[in-house]
Amino acid sequence: MRWLGSLATRLMPVAFLLIAAIAVAQFWLQHAPSSTALDDAVHHVTGFLHGHAWWALGMAIPLWLLFFLGYFRERQRLAFPDSSVGGYFMDILDRLTNRSALEARLAEQPDAVFIDAEQLALTLKSKVIGQDAVCDDMAAQIRRRLALKQRGKPVGVFLLAGPPGTGKTYLAKCLGSSLQRRLLHFDMTQFASGGHGATQLFGSSKGYVGSDNYGKLTAGLRDAPDAVVLLDEIEKAHSDVQKNFLTAWNDGFITEASDGKQISTTQAIFILTTNAATDALQSLIDQHKNDADELRRTSTNALRESGFAPEIINRLDRIFIFRPLSGLDIARVTALEIEAMIKGYGLDVARGGIDPELLLDMMRRQGRLGSGASARDIVRLAEESIADTLIDAKQKGHSKVSLVAVDGRVVARPAA
Ligand SMILES: Nc1ncnc2c1ncn2[C@@H]1O[C@H](COP(=O)(O)OP(=O)(O)O)[C@@H](O)[C@H]1O
Ligand SMILES: [Mg+2]
């Protein structure tokens with residue numbers, strides 16, 4: 001019935017005019033019976049109304065009803081201007097804010113994006129070895145979060161925890177390239193000393209308006225709002241610097257200090273990495289393999305005990321725990337590293353061109369480095385043992401090579 005009320009209010013003047021017009025016509029007819037063209041017209045209309053009395057009554061009664069209904073609603077609306085009485089009341093937003101500006105801002109919000117989680121997981125797994133569970137989970141999380149049309153917060157704030165050299169930083173890079181988003185990579189160990197660090201990230205208030213001393217993070221997100229922001233080894237940053245990120249995660253924007261501009265973070269993906277609490281997290285992931293809630297609760301505690309700020313932990317959307325590389329996965333990473341190195345020298349590797357003995361030898365040497373050894377050691381070992389022979393092969397004009405272990409040395413042989 002609301003619509004009837006508001007219709008009545010709008011039509012009240014029309015109803016009134018119609019009634020008045022009919023009354024004037026009748027009056028004219030009775031008191032000024034001279035014969036002009038106008039009289040004829042009026043006569044015609046009123047004659048028609050008289051001839052169709054029921055029809056006229058049927059029209060007049062609703063007209064009067066409409067008039068009174070409109071009249072009373074309007075009177076109430078004027079008496080209580082803040083209420084919704086009256087049908088076409090003023091919208092709360094029109095009264096209390098700038099509604100069109102609000103609507104324009106809402107339209108700016110990121111649209112829902114649908115990605116193929118399976119495809120993303122496959123791409124990630126093909127690059128990041130031995131972390132299948134993390135890759136699957138990460139792809140599913142990102143799919144769900146991108147599909148939300150309005151969130152007012154970043155797509156995700158994800159913590160990657162685990163031993164060094166297990167692919168945490170690498171996964172963030174792969175995520176950026178798989179999603180075709182720019183990667184803003186910050187080595188947080190650089191911000192161990194408070195004040196100045198925040199300036200580098202969020203700009204300096206000393207700058208005058210218009211000067212281009214934007215912070216690296218603010219400028220990066222201004223230019224690429226949907227970037228993957230990698231805060232590498234976050235726990236090494238000063239706690240003040242860490243806390244500067246809270247508005248980015250809670251409120252959906254950061255403020256550039258030089259000109260006070262707010263820069264949206266709602267399209268960005270934040271990836272934090274840490275080596276903290278590695279051992280504790282490894283045993284927790286084994287204990288609570290099938291209980292995600294319990295795993296989250298206990299790993300949160302472990303991170304807190306290792307000195308992580310509770311505000312930061314509370315704001316994490318998800319914690320992904322990386323496994324130490326083992327067995328054939330070490331061989332896979334080693335082979336990939338060797339392939340990258342061969343390509344780095346402008347050469348190609350023949351199919352099946354890496355001698356298994358070579359891989360075994362590297363795994364043995366890496367194993368000897370103890371449990372702290374990581375993929376980074378593999379890179380170093382590979383460099384030591386194959387760089388020279390690759391340079392020789394390049395100098396001799398070969399383009400495709402096989403690597404063979406000969407008497408404890410590695411030799412790059414031209415491939416057919
Ligand atoms: N799981 C992995 N799969 C493939 N490559 C890896 C993996 N872990 C490490 N690497 C290689 O080792 C390098 C160093 O790993 P990184 O991602 O920096 O380790 P961290 O976990 O300490 O961040 C990477 O650039 C990558 O080439
Ligand atoms: Mg790293």
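Numbers below:
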item	result
Residues (of a type outside the set (F, W, Y), open to solvent by 20 Å² or more (accessible area, probe 1.4 Å) and either within 11 Å of ligand 1 (Cβ to nearest atom) or more than 25 Å from D132 (Cα to Cα) (or both)) located in region 340-358	A340, M341, K343, G344, G346, D348, V349, R351, D355, E357
Residue check for T265: within 16 Å of ligand 1 (Cβ to nearest atom), in the same structural domain as G152 (by TED's automatic domain parsing) and within 29 Å of C174 (Cβ to Cβ)	no
Complete set of residues in region 305-339 that are among the basic types (K, R) and either within 13 Å of ligand 1 (Cβ to nearest atom) or touching a Pro at 6+ places or on another chain (Cβ under 6 Å) (or both)	R323, R332
Options D291, D317, D388; residue that is of a type outside the set (G, A, S), in contact with a strand residue (DSSP E or B) (Cβ under 6 Å, 6 or more places away or on another chain) and surrounded by fewer than 18 Cβ atoms within 10 Å (Cβ to Cβ)	D317
Test: residue in region 226-235 that is modelled with pLDDT of 90 or more and farther than 21 Å from G197 by Cα	yes
Filter result (in contact with a helix residue (DSSP H, G or I) (Cβ under 6 Å, 6 or more places away or on another chain), within 20 Å of G408 (Cα to Cα) and either at pLDDT 90 or above or in a helix (DSSP H, G or I) (or both)) within region 343-373	I354, L359, M362, M363, R365, Q366
Residue within region 369-382 that is of a type in the set (A, V, I, L, M, F, W, C), more than 16 Å from ligand 2 (Cβ to nearest atom) and in contact with a strand residue (DSSP E or B) (Cβ under 9 Å, 6 or more places away or on another chain) present	no
Condition check for L272: in a helix (DSSP H, G or I) and crowded, with 19+ Cβ neighbours inside 10 Å	no
Unique match (being away from ligand 1 (no atom under 16 Å from the Cβ), open to solvent by less than 20 Å² (accessible area, probe 1.4 Å) and in contact (Cβ under 8 Å) with a residue 60 or more places away in the chain) among I142, I234	I142
Given (1) assigned to a loop (DSSP other than H, G, I, E, B); (2) over 17 Å from T218 (Cα atoms); (3) touching a Gly at 6+ places or on another chain (Cβ under 8 Å), index of the condition Q141 fails	(1)
Some residue of region 94-105 being surrounded by 13 or more Cβ atoms within 10 Å (Cβ to Cβ), modelled with pLDDT of 80 or more and outside the structural domain of Q282 (by TED's automatic domain parsing)	yes
Subset of region 111-133 [out of contact with any Cys (no Cβ under 7 Å at 6 or more places or on another chain) and buried (at least 17 other Cβ atoms within 10 Å of the Cβ)]	A117, L120, T123, I129, G130, Q131
Enumeration of residues in region 155-202 that are out of contact with any helix residue (DSSP H, G or I) (no Cβ under 8 Å at 6 or more places or on another chain), within 16 Å of ligand 1 (Cβ to nearest atom) and in a loop (DSSP other than H, G, I, E, B)	none
Among the candidates D136, D226, residue that is open to solvent by 60 Å² or more (accessible area, probe 1.4 Å), of a type outside the set (V, I, T) and either on the phi < 0 side of the Ramachandran plot or not in a strand (DSSP E or B) (or both)	D136
Residues of region 189-203 satisfying the condition of being buried (at least 16 other Cβ atoms within 10 Å of the Cβ) and at positive phi	G203
Region 1-30, subset of a type outside the set (A, V, I, L, M, F, W, C) and open to solvent by 100 Å² or more (accessible area, probe 1.4 Å), residue farthest from V45 (Cα to Cα)	R2
Scope region 204-217; condition surrounded by 19 or more Cβ atoms within 10 Å (Cβ to Cβ), at pLDDT below 95 and not aromatic (F, W, Y); matching residues	G215
Residue match in region 167-177 (condition: open to solvent by less than 20 Å² (accessible area, probe 1.4 Å), closer than 19 Å to R222 by Cβ and within 16 Å of ligand 2 (Cβ to nearest atom))	yes
Cβ-Cβ under 7 Å pairs, at least 6 apart or on other chains, region 165-188 side under 25 Å from T278 (Cβ atoms), far side away from ligand 2 (no atom under 14 Å from the Cβ) and basic (K, R)	T166/R323; C174/K127; G176/R182
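Table: residues versus (1) within 16 Å of ligand 1 (Cβ to nearest atom); (2) in contact (Cβ under 8 Å) with a residue 12 or more places away in the chain.
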residue: M362; (1), (2): yes, yes
residue: R368; (1), (2): no, no
residue: I391; (1), (2): no, yes
residue: R413; (1), (2): no, yes
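The values are calculated or read from the model by the stated rules, or taken from the named source; none is laboratory data. This structure is a prediction, so every number in the text was calculated from the model and none was measured. Virtual Cβ from ideal backbone geometry, glycine too; neighbours counted across all protein chains shown. Protein only, heavy atoms only, side chains kept; ligands, DNA and RNA dropped before computing areas. Shrake-Rupley method; radii C 1.70, N 1.55, O 1.52, S 1.80 Å.
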